[in-house]
Amino acid sequence: MRSCRDVSSPSLPPGPKAPRALQTARWIARPAAMMEDSQRRFGDMFTLKIANEGTWVFTSDPEAVKQVFTGDPRLLHAGEANIVLLPVLGSHSVLLLDDAAHMAQRKLMLPSFHGERMRGYEATMTEVAVREIERWPAGEPLSAWPTMQSITLEVIMRTVFGVTETARVERLGHSLQEALAWTTEPARMAQLAVLGPRRIAERGTLRAVLDPTDELIYEEIRARHDAPDLEERDDVLSLLLQARHDDGSPMSDEELRDELMTLLVAGHETSATALAWALEALTRHPAALARLRDEVDAGEDAYLDATVKEVLRLRPVIALVLRRLVEPMEIGGRLLPAGVNIAPSIYLTHRRPDLYENPRAFRPERFLEKPPGTYTWFPFGGGVRRCIGASFAQFEMKVVLRELVARLDMRAARPRPERRVRRAIVFAPERGGEIVVERRARQRSSDRVAA
Ligand code: HEM
């Protein structure tokens, strides 16, 4: 799909002619439709102009995506593009750093999220999921999303923060929820746009919400320093406390706080939303749901894994990733100017008919037939910025879905599929995955896990 163009002087691919303000309004209201229309009109690479965010060059060409993910990270900055999160995450956050400082933090964090380690979290994930879904009333419509939020929040508090005592889980959970809710209110977003992240970070109103949460987090960090069983513990905070920078120094308490907050913000709403989409999709595809239930009952994992991958393909919770070009760079056969953001579109790439047969169909089988490709399936981004929690999130989705289908019969509450709406940075189902559940008489897969 690529064509060769002039690569001697920097230029932008074509895009809508509407003024920046109009383009921004449309992007905020209907991002998916805007990406699809632009692709139809201008091809695989097009330019959108978004207020405050500069110029975005979208691509859905796997070759160009590969160039972005394998390109020199010193020239492709992701941290800069996330600066709006500074007030909440803090200046040490791996999400906000670039270059050597980014790699240093990432290297400290990656071992804690290694795929194999996730098994150790299975019992906790199962226990939390079962407790929450057992509360669901049978026979009446309910929105799955709030429950999924509670599950993913508690799982992070227990497995990442390592907080297990019920009273502390509740206190910290309540405080974190308040802080997150406050920071994602639309009014705050507007304030951010006007004042900019650095000035917001200093403001009293933000501090009033974040300080009590920070105090609880620092309390946990201080207590963990002295924990006699630190070396035996498997929660992420305990592992980070034992990690060492290249010069042998430990992470400071501020670094630990910023990374814990980053893991919470990056991992909680994304995973909850992906689970809500899974229920939205499965309840509209009874054959897929029936096969999943049969395979889960039989103790099989392959279809469950394929279902998670298909949900993340067709309903990616994050639509694109961003890299800011530090220098002019040739991508997709065109020399792009410095300063623009190159945006591999997860949403568009995942829907290409030349990559996926019948791309709009929900068909987990496709991933049994062929594993996903690095540059054709990237719900977790790629390269040196690829989501640190990708294994964690997929493992958690599988554990929660397994419990859901083992314990409940589920159907969609209404026939019409749910539209995609934007919640802060994620694409979410408009009614949060509205379903009706009935309890199944038999098969408790967590009993199997416990056994
Ligand atoms: C379904 C759930 C999730 C999705 C769809 C998702 C998606 C993403 C995406 C698209 C990125 C940006 C990658 C890039 O720029 O190339 C990212 C980064 C990140 N994610 Fe996730 N994520 C999920 C869950 C999690 C979880 C559970 C955690 C941790 C507990 C986590 C931690 C992070 C971190 C720390 C980064 C920054 C990596 C860096 O800049 O080096 N995410 N995620």
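Some observations on this one:
- Put the Cα centre of the range 34-80 next to the Cα centre of the range 332-348 and the gap is 3 Å.
- When Glu165, Glu134 are compared by accessible surface with a 1.4 Å probe, the order from highest to lowest is Glu165, Glu134.
- Global size of the chain as Cα Rg and Dmax, reported in angstrom: 22.0, 68
- Given Lys66/Lys398; Lys107/Lys309; Lys17/Lys309, the pairs whose alpha carbons are separated by over 30 Å: Lys17/Lys309
- Accessible surface, 1.4 Å probe, highest first, among residues Ser11, Ser271: Ser11, Ser271
- Packing around the peptides 244-250, 49-55, 361-367, 62-68, taken as the average count of other Cβ atoms within 10 Å per residue, puts them in this order, highest first: 62-68, 361-367, 49-55, 244-250.
- Contact order, relative form, for the range 78-193: 17 percent (alpha carbon pairs under 8 Å, 6 or more residues apart, mean separation divided by residue count).
- Only aspartates and glutamates eight or more places from Lys49 in sequence, or on another chain, were considered; those with a Cα closer than 17 Å are Glu36, Asp37.
- Inter-label distance for Ala123 and Ile28, nm, one decimal - labels placed 7 Å from Cα along Cα-to-Cβ: 4.9
- Cα-derived Rg over Rh, computed across the range 221-361 with Rh taken as Kirkwood radius: 1.10
- Of all accessible heavy-atom area on the chain, the percent that carbon and sulfur account for (1.4 Å): 53
- Relative contact order computed over the chain (Cα-Cα under 8 Å; 6+ residues apart), in percent: 25
- Amide H to amide H distances under 5 Å link Val421 with Ala428, Glu430, where only residues 5 or more positions off or on other chains count and H is placed in the peptide plane.
- Candidate aspartates and glutamates - alpha carbon under 13 Å from Lys370, same-chain residues fewer than 8 apart omitted: Asp305, Glu310, Glu357
The values are calculated or read from the model by the stated rules, or taken from the named source; none is laboratory data. This structure is a prediction, so every number in the text was calculated from the model and none was measured. Every residue, glycine among them, receives a Cβ derived from its backbone with ideal geometry; neighbour counts consider all protein chains shown. Ligands, DNA and RNA are stripped out before the accessible areas are found, and what is left, the full protein with its side chains, is counted by its heavy atoms. Shrake-Rupley method; radii C 1.70, N 1.55, O 1.52, S 1.80 Å.
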